[in-house]
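The values are calculated or read from the model by the stated rules, or taken from the named source; none is laboratory data. This structure is a prediction, so every number in the text was calculated from the model and none was measured. All Cβ positions, even for glycine, are placed from backbone atoms using ideal geometry, and neighbour counts span all protein chains on display. For accessibility, only protein heavy atoms count, side chains too; no ligands or nucleic acids. Shrake-Rupley method; radii C 1.70, N 1.55, O 1.52, S 1.80 Å.
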Amino acid sequence: MVSDTRDLAQHIGEVALIDQHVHGCWSAPGDRQRFENALNEANSEPITHSGFDSQLGFAVRAHCAPVLGLPKHADPQAYWERRRQFDENDLNRLFLTAAGVSDWLVDTGIGGTGVAGVADMARLSGNRVHEVVRLEEVAEQAAQLPGDYATAFGDLLRRRAAGAVGTKSILAYRGGFDGDLSEPSTTEVAEAAARWREGGGTRLQDRVLLRFGLHQALRLGKPLQFHVGFGDRDCDLHKANPLLLLDFLRGTADIPIVLLHCYPYEREAGYLAQAFNNVYVDGGLSVNHLGARSRAFLARLLEMAPFSKILYSSDGFGPAELHFLGTVLWRRGVERLLREFVDRDDWSEPDAIRVVDLIARENAARIYDLG
Amino acid sequence: MVSDTRDLAQHIGEVALIDQHVHGCWSAPGDRQRFENALNEANSEPITHSGFDSQLGFAVRAHCAPVLGLPKHADPQAYWERRRQFDENDLNRLFLTAAGVSDWLVDTGIGGTGVAGVADMARLSGNRVHEVVRLEEVAEQAAQLPGDYATAFGDLLRRRAAGAVGTKSILAYRGGFDGDLSEPSTTEVAEAAARWREGGGTRLQDRVLLRFGLHQALRLGKPLQFHVGFGDRDCDLHKANPLLLLDFLRGTADIPIVLLHCYPYEREAGYLAQAFNNVYVDGGLSVNHLGARSRAFLARLLEMAPFSKILYSSDGFGPAELHFLGTVLWRRGVERLLREFVDRDDWSEPDAIRVVDLIARENAARIYDLG
Amino acid sequence: MVSDTRDLAQHIGEVALIDQHVHGCWSAPGDRQRFENALNEANSEPITHSGFDSQLGFAVRAHCAPVLGLPKHADPQAYWERRRQFDENDLNRLFLTAAGVSDWLVDTGIGGTGVAGVADMARLSGNRVHEVVRLEEVAEQAAQLPGDYATAFGDLLRRRAAGAVGTKSILAYRGGFDGDLSEPSTTEVAEAAARWREGGGTRLQDRVLLRFGLHQALRLGKPLQFHVGFGDRDCDLHKANPLLLLDFLRGTADIPIVLLHCYPYEREAGYLAQAFNNVYVDGGLSVNHLGARSRAFLARLLEMAPFSKILYSSDGFGPAELHFLGTVLWRRGVERLLREFVDRDDWSEPDAIRVVDLIARENAARIYDLG
């Protein structure tokens, strides 16, 4: 049975997304190497092949080229030539406003100069922007403050989080999830902080302080995001398997815990979203990097996770193409997937539309209290 | 090339399944919270979102609603209102007889009062019912008996297994598969049993006694089932990866070992079914919980496992919808999958029909000696 | 939008493949048990079910039967009867020439008498043949030589590699990837070699000497292949997860590292191909064993790996059906997959054709310097 799914397609095309995990666009111009490297997430060194020769590269050419007035599948040289004719912030405006997003939740923990901040993102997109505070950045700032580390961290975290909608941990990049993640004692924290400060207090790797930060974040009562799975090779991918968070999750009560990206552990993450009332799952940057293969990934996100526990984000960082492309690939993938469910009469069309709204914005609006 | 696959579809629709791993239906009425929680396997606490907002919930509304005289996709409120008008055993009769199953292999290790036993299941369904004995239950009973534990366990196991077709282990829930699974010595067993009995002899977690139980079960010469992968969060999912059973499997000779559920490790389980003459794989409850996505899972079961090593079960427990729905989703998924193989001329239609029979019943009939 | 993809289909059908990891065909006749066991990779014992009852068995009947003049899906008995009428080398000629391969890269580390060598493969196929030297075989030969082990190994490796295009490690079968893979000291090597030689110097399992071999191979400046994932049960599959190679890969600079087979870790392997400029991924024997399900596997290879980092191989060993079937399944799977990308306008057709050429031959020609 093939139903009339024009309503579903139209709804998916029009729904305004909440991008619940994103970073700033580049605000300064750069060279082609910078751009091509930004099409490769995992490699932390200059890539020696073309960044365009990937699912993400092909997806940029297919879906971003028309935004710049080029035909679909414009070749890499043509794409780059056209792109460099634009001022970086004109590009940002173009892609951010084309994305069909109402709210951006910006993790401000990376970037520095040359990357748009919260106010810049609001101005460029014309949308609402909310901050997500990165715990490891707070720790590294607290290490430089005078006095007791725990107090400094707690004060700074509360101050920064007061204006933010949630926090984020990159524990995955600082040793991974394996091992004890219980709350350390005051003495342990003090000793660890002293050692770290003696060593300079930069790039937090100390497990005691990482654990301390997580438990402090839980006390804020706001959602806590975790980088999970796919990222750059500084992370040992198998130590970013979310199942290694099981013991930690058992102690997080009702604070929303959001698992980001997740590839190739999205089925494990979906299981956790079923197993814990407070766990949420989001495909994040995996969608962009999977390009023409993103539908299969989105399908796996719709397996074990309850539909009230699935979120959308692009994890865009750097080229504004990523902030835009995430929404295009999500809409295309979800439309094909749900249309298939509806065509086979496994789901009704109104149910499909309701699930779109949950994932596109309602789940995020609810847990981040976006009003 | 598109062949005429009406024969295949008809055959899949009509074949009587052997549900080789199932539990009793509820025999007593319950409230909506009980029902909605039964739509969530992984969460062992009361769920705070609707159990209907999941692939399983949508599948219940799509495929079970018509059995109760409702339209497909009836909304949750309408479904619940109709369901509660029935006596629980009338529901059981309705769903069990609609399932198209000839034999139920009932694991009697959970349930107690309020759950149908072996005789109840036979009476309600009108089908043959066979018992599968849970090893950890036998151990917990033996702990309460006087005299030597090993003797008590062995006697009780042989007595109970005499009328049963196989045994089952929930080692996955009692510490997982990681670590030594060799047979312990008589002295080790006696010491472990003494310690356990001193502590009360309830909920077996002792590794020595768990290992002892497995090796005793192997001596019975009947199939031994293992819970693998997907289950509730008492189980550390990554410790229920069947690859951790490799060393144990290397010593199991020709006793059939059946890996149940397996998600998200079904490809690993299929590999083991290829690697060992005596290992079998079954998707169990994963099919129900994947709903509209179950076809993709069933497809992965048809990868590395030889076709003579794949089984069917629903793992239904509680609402009789599950005992019925497993068969609906299995038939729908397998039909689409095999029709695709046949349409592309990768398989012949007679081969497809033969594989259906193997998985639906012949493999189970053979290893459990169901006559 | 459905484009005219006849060009793509024709191109995929005609492109000459480089089979970058293969072994010799049988050169001597054998019985049916030998043949059926060769349809099962994982089981290292005589199989007790029919080897034909598997995706590989069905694929042989579908795609190899016509090469022998039988109808598609000829039954196992008919297939075997026809097959045994041929001289083994006539079969080899038939299947090797039908494969559409231009170059075979032969790992000579298994086989011995009864298996075609490099010169035989060239003669039988009429194609170019290049050798890949297995490190563990070199070690076992060096153990039997007089004098310092490290010197003997190094000399022998350089001599054998001089005429070869690369090396291969089966570390996966000799304890797996888990643990330290750094280069051992001269003293450690000397001590380990002495211990090993005292024990007979057969079947290398010593970690120090395995590590030594890997680092010696890197110094050759030629690609180093690793068996990854799916293989026989001598290998602990979970210890052949390529993510356990992360630390080793971080130190391999620009020597091409080729991850073979990979199932069920192909997504992890693809990630590594994105993360490291020098890492390549190949589905190897998984394609044959997945038969009608190989398209889904090939699709996963086209996820995170840059297109310049994906290779083709059959890993054929024994029956020449495997050398041929790998190309059939690869062509069929890739055609359906890329046609889908093109039909949905996610990829352009010229891009699809270019990616076919990269995977089919250009990537391999480049890294093995095949001219």
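A few remarks follow.
- Each of A:THR252, A:GLY270, A:PHE153 was placed along the dipole of chain A (beta-carbon charges, centred on the mean Cα), and the one lying farthest toward the positive end is A:PHE153.
- Most simply put, the protein assembly as shown has about 5% antiparallel DSSP beta bridges, counting only bridges with both residues inside it.
- Rounded to the nearest 10 degrees, the inclination of helix C:321-343 to the longest alpha-carbon principal axis of chain C is 60 degrees.
- Within the same chain, lysines fewer than 8 places from B:LYS222 are excluded, and of the rest, those with a Cα less than 21 Å from its Cα are B:LYS168, B:LYS309.
- Position B:SER44: other-copy label points at 3.7, 3.7 nm, ordered by increasing distance, label point 7 Å along Cα→C-beta.
- Helical content alone sets the calculated 222 nm signal of chain B at -12500 deg cm²/dmol, taking -39,500 (n - 2.57) per DSSP H segment of four or more residues and averaging over every residue.
- Averaged over the residues of B:53-64, the number of partner chain Cβ atoms lying within 10 Å of the residue Cβ comes to 5.
- Chain C residue nearest by beta-carbon to the axis mapping C to A, with distance in Å: C:ALA296, 5.
- Partner chain coverage, peptide C:257-267 - average Cβ within 10 angstrom: 2
- Highest average packing first - C:165-172, A:105-112, Cβ atoms within 10 Å: C:165-172, A:105-112
- Taking the 1.4 Å solvent-accessible surface of region C:31-86 as the whole, the part contributed by carbon and sulfur is 48%.
- Exam field: B:ASP155 pseudo-label spacings to other copies (7 Å along Cα-Cβ), nanometres: 7.2, 7.2
- Here the contact order of chain A, divided by its residue count and restricted to Cα pairs under 8 Å and six or more residues apart, works out to 22 percent.
- Cα-centred dipole magnitude for the protein assembly as shown, charges only on beta-carbon of K, R (+1) and D, E (-1), debye, nearest 20: 500 debye
- Three-way shape call for region A:31-86 based on the alpha-carbon gyration tensor, with the a/c threshold at 1.5: prolate
- Each other copy places its own label point for B:ASP247 at 2.1, 2.1 nm from this one, sorted shortest first, where the point lies 7 Å along the Cα-to-beta carbon line.
- For the pair C:THR202 and B:GLN85, a Förster radius of 60 Å applied to the C-beta separation gives a FRET efficiency near 0.20, rounded to the nearest 0.05.
- Restricting the trypsin sites (Lys or Arg not before Pro) of region C:262-368 to loop positions (DSSP other than H, G, I, E, B) with no more than 16 neighbouring Cβ atoms within 10 Å leaves C:ARG344.
- Peptide B:286-297 - average C-beta neighbours from other chains (10 Å radius): 4
- Karplus (6.51, -1.76, 1.60) ³J(HN,Hα), θ = phi - 60°, over region A:121-127, in Hz, Gly and Pro reported as x: 4, 5, 5, 5, 8, x, 10
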